[in-house]
1. Restricting the search to region 18-70, which residues are polar (S, T, N, Q), farther than 26 Å from ARG100 by Cα and not in a helix (DSSP H, G or I)?
2. With the checklist (1) β-branched (Val, Ile, Thr); (2) under 22 Å from MET1 (Cα atoms); (3) part of a helix (DSSP H, G or I) in hand, flag the one item THR116 doesn't pass.
3. Give me the pairs, please: first residue somewhere in region 17-46 and at positive phi, second residue anywhere and surrounded by 10 or more Cβ atoms within 10 Å (Cβ to Cβ) and of a type in the set (Gly, Ala, Ser), beta-carbon distance under 7 Å, and either six or more positions apart or on two chains.
4. Taking the condition touching a residue at least 40 places away in the same chain (Cβ under 8 Å) and out of contact with any helix residue (DSSP H, G or I) (no Cβ under 8 Å at 6 or more places or on another chain), does ALA49 pass?
5. For the structure I just gave you, tell me whether TYR38 is under 16 Å from the mean Cα position of the chain (by Cα), hydroxyl-bearing (Ser, Thr, Tyr), surrounded by 13 or more Cβ atoms within 10 Å (Cβ to Cβ) and modelled with pLDDT of 90 or more.
6. Right, TYR68: within 30 Å of HIS109 (Cβ to Cβ) and either without any contact (Cβ under 8 Å) to a residue 60 or more places away in the chain or of a type in the set (Asp, Glu) (or both) or not?
7. Under 8 Å between Cβ atoms, which residue pairs at least 6 apart in sequence (or on different chains) link something in region 90-110 that is assigned to a loop (DSSP other than H, G, I, E, B) with a partner that is modelled with pLDDT of 70 or more and charged (D, E, K, R)?
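The values are calculated or read from the model by the stated rules, or taken from the named source; none is laboratory data. Quantities reported herein were computed from a predicted structural model and do not represent experimental measurements. Using ideal geometry, Cβ is built from the backbone for each residue, glycine included, and neighbour counts are taken over all protein chains shown.
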Amino acid sequence: MISSSIRRDAVLFAPANHVIIDPTGRLDAGCHALPQRYRLRARAAAAGAALHWWGGILGGQFTRDDLYQLAASAPVGSNGLFFLPHCESASTTPDGAGGRGAFAGLRAHHTRADLTRAVMEGVIFSLRDGLDRLR
């Protein structure tokens, strides 16, 4: 069973029977509540903070539910717009890009809904990267 949490960071946790050492540092292990078990953690640093950042860019006028509804009004894939949510740090990137986020594919036809959905999809893709590492 894998659990997730999205607050400042986006984090996935999974139990394991043995310690796994990830030489890239993108996966860490720790103690589990059960004896002879370990906790694996994949962390997308500051990915959750990207949602808060984006709400601020929009003037702070939207609740989180408003942002979800706005994102839902854009198509899956945000009309070809992508967002890398590593604005503060990049623990999920193989090269440790050092805290650089980006919108890629931005065009004049993109709407506030497209950008909002791209931010949310970027966070989810970061979690997917963590899920792949946990497998």
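1. Of everything in region 18-70, just one residue is polar (S, T, N, Q), farther than 26 Å from ARG100 by Cα and not in a helix (DSSP H, G or I), namely GLN36.
2. That leaves (2) as the condition not met.
3. ALA46/SER89
4. Here the answer is yes, as ALA49 does meet what is asked.
5. no
6. So TYR68 passes the test.
7. What qualifies is ALA90/ARG100; SER91/ARG26; SER91/ARG43; THR92/ARG26; THR92/ARG43; THR92/ASP129; PRO94/ARG26; GLY99/GLU88.
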